1. Compute the separation of the alpha-carbon centres of region 6-37 and region 48-91 and state it in Å as a whole number.
2. Rounded to the nearest 500 deg cm²/dmol, what is the calculated helix-only ellipticity per residue at 222 nm for the chain, with -39500 (n - 2.57) per DSSP H run of length n ≥ 4?
3. Taking Cα atoms, how many degrees apart are the long axis of helix 117-130 and the longest axis of the chain, rounded to 10 and kept between 0 and 90?
4. Using only the alpha-carbon atoms, how far is helix 147-159 inclined from the longest principal axis of the chain? Give it as 0 to 90 degrees, nearest 10.
5. Averaging over every viewing direction, what projected area does the convex hull of the Cα atoms of region 25-67 cover, in nm²?
6. Which of the GluC sites (Glu not before Pro) across region 86-195 are loop residues per DSSP, with 14 or fewer other Cβ within 10 Å?
7. Could you give me the radius of gyration and the Dmax of the chain, taking only the C-alpha atoms into account and expressing both in angstrom?
8. Are there chymotrypsin sites (Phe, Trp or Tyr not before Pro) in region 84-165 that DSSP marks as loop and that have at most 12 other Cβ atoms within 10 Å, and which are they?
Amino acid sequence: MIAVQNITVRFEEKLVLDRFSLQFPENGLTALSGPSGCGKTTLLRVLAGLQRVEEGTVTVPRNPVILFQEDRLLPWRTVGEHISDVLPKSRRGEVSRWLELVELAGEEYTRPATLSGGMGRRLALARALALGGGLLLLDEPFTGVDAPRAERILGRIRALGVPVVLSSHERAVVELCDRVISLEGPPLHETSPAV
Ligand SMILES: Nc1ncnc2c1ncn2[C@@H]1O[C@H](COP(=O)(O)OP(=O)(O)OP(=O)(O)O)[C@@H](O)[C@H]1O
């Protein structure tokens, strides 16, 4: 089960989630949409176990993986090393598989400084996918990525068969998901099951 129940998150005076409950589908692609600052990142961080909740319960599959809104690439590591660094020795042969999935084949020895913004974003995404989590939490995964490419990559992510919750401001990306959860904010306090 993937759910949050009656959770409250507050940053000092600011109440972002107010006894907020939501059950997420356990398969396919779920998009979180809503205005900037409504709490999408906060909710993803809660699901990832990175954001403490004041009250309430959080239920997620084992080993959730989050793609942060920022790329967090390492200037001194090559594209390929970003992937091999997160793979156990027994899976080192998978580097090209993950680079192909995000259409970065041929860039294995490139360093982040010479990647375009969208290429860097795709590398950060590949690294998150390579981690092999039981739940993928993707915060704005396609910033700077053209829509046709994002569509192809999203199709491949769907084929991994892992439940995905993503946030996006890009309508084309949201429309490709199996369902959309619209968050109005702040603070979020409704109880609405996803369909
Ligand atoms: N660490 C923090 N300290 C204080 N306030 C925070 C912190 N993180 C988030 N907030 C506040 O919580 C609210 C929700 O932020 P959040 O990043 O979750 O929104 P979002 O919907 O993901 O926005 P965007 O679409 O712009 O990424 C905002 O008002 C933000 O200022």
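The values are calculated or read from the model by the stated rules, or taken from the named source; none is laboratory data. These figures come from a predicted structure and were not determined experimentally. Heads up, the Cβs are rebuilt from the backbone with ideal geometry, glycines too, and the neighbour counts pull from every protein chain shown. Just so you know, the surface numbers come from the protein's heavy atoms only, side chains and all, with ligands and any DNA or RNA stripped out. Shrake-Rupley method; radii C 1.70, N 1.55, O 1.52, S 1.80 Å.
1. Each part reduced to its Cα centre gives a spacing of 19 Å.
2. Numbers: 6 runs with 55 residues, N = 195.
Calculated mean residue ellipticity at 222 nm is -8000 deg cm²/dmol.
3. Roughly 80 degrees, rounded to the nearest 10.
4. The answer is roughly 80 degrees.
5. Working: hull surface 15.2 nm².
Mean projected area for region 25-67: 3.8 nm², to one decimal.
6. Numbers: sites: 94, 100, 103, 107, 108, 151, 170, 175, 184, 190; in loops: 103, 107, 108, 170, 184, 190.
When the GluC sites (Glu not before Pro) of region 86-195 are filtered for loop state and at most 14 Cβ neighbours within 10 Å, 184, 190 remain.
7. 16.8, 49
8. Details: sites: 98, 109, 142; in loops: 109, 142.
Passing both the DSSP loop test and the Cβ count: 109.
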